[in-house]
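Read-outs throughout are calculated quantities, based only on the coordinates presented, and are distinct from any laboratory measurement. Given the structure is predicted, the values throughout are model-derived calculations rather than measurements. Counting neighbours? That spans all protein chains shown, and the Cβs are built from the backbone with ideal geometry, glycine included.
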Amino acid sequence: MKRKYLEAGKIVSTHGVRGMVKVLPWADGPDFLTLFDTFYLPGEKAVAVERSAVQNNCVLLKLAGVDTVEDAQALRSQILSIRRDDEHIPAGMIFQADLIGLPVRAAGEEIGTLREILTMPSADVWVVRGEKEYMIPCVPAFVPHVDPELGYLEVRLIEGMQTDAN
């Protein structure tokens, strides 16, 4: 079942003295988060965005009601979420949250469950755990098609993907 809210990033610090926060995005890039007018704090508490800007690999946000550096500091380490039904999310977009926990198959046989997705410079790497652990680069040669609606993920394994961990 798809989640109603998707974690979008973490507030990592304050910016300036007028209540701006710096968010480390959990998206393909920081620009994606600038599309949203509302984020959700834990407990589904909606907070409106007054201003947003990209700074390097982060997003600077001025949130409504957060007007001082002390207000912003109180939000540090909070996770910001977006609502899946928001009009800014393109149809067909796949989120990591929809993939984590799905069974993974190789040559039609289940090898484990997708437990984690590591973001690496050249490609994401899927960590699959079952009887054995595998680290699978998420590139077309090894992950030819991703469709969470199937209820499983299909991969192609080669020698060296299995780790020493159990």
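Within the stretch 109-121, the residues that satisfy the criterion of being over 17 Å from the mean Cα position of the chain (by Cα) and surrounded by fewer than 16 Cβ atoms within 10 Å (Cβ to Cβ) are Glu109, Glu110.
Filtering the stretch 96-111 to residues that are of a type outside the set (D, E, K, R) and part of a strand (DSSP E or B) leaves Pro103, Val104, Ala106, Ile111.
Residue by residue, here is whether (1) assigned to a helix (DSSP H, G or I); (2) aliphatic (A, V, I, L, M); (3) free of Cβ contacts under 8 Å to residues at least 40 places away in the same chain; (4) within 21 Å of Tyr5 (Cβ to Cβ) holds:
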residue: Ile94; (1), (2), (3), (4): no, yes, no, yes
residue: Thr113; (1), (2), (3), (4): no, no, yes, no
residue: Trp126; (1), (2), (3), (4): no, no, yes, no
residue: Met135; (1), (2), (3), (4): no, yes, yes, no
residue: Val139; (1), (2), (3), (4): no, yes, yes, no
residue: Phe142; (1), (2), (3), (4): no, no, yes, no
residue: Val146; (1), (2), (3), (4): no, yes, no, no
residue: Gly160; (1), (2), (3), (4): no, no, yes, no
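Filtered by the rule that a residue be in a helix (DSSP H, G or I) and of a type in the set (D, E, K, R), the stretch 24-48 gives a lone residue, Asp31.
Condition first: in a strand (DSSP E or B) and of a type outside the set (D, E, K, R). Now tell me which residues in the stretch 49-72 satisfy that. Residues satisfying the conditions are Val49, Ser52, Ala53, Val54, Gln55, Cys58, Val59, Leu60, Leu61, Leu63. The set of residues from the stretch 123-166 being within 17 Å of Met93 (Cα to Cα), surrounded by 11 or more Cβ atoms within 10 Å (Cβ to Cβ) and in contact with an Asp or Glu (Cβ under 7 Å, 6 or more places away or on another chain) comprises Cys138, Pro148.
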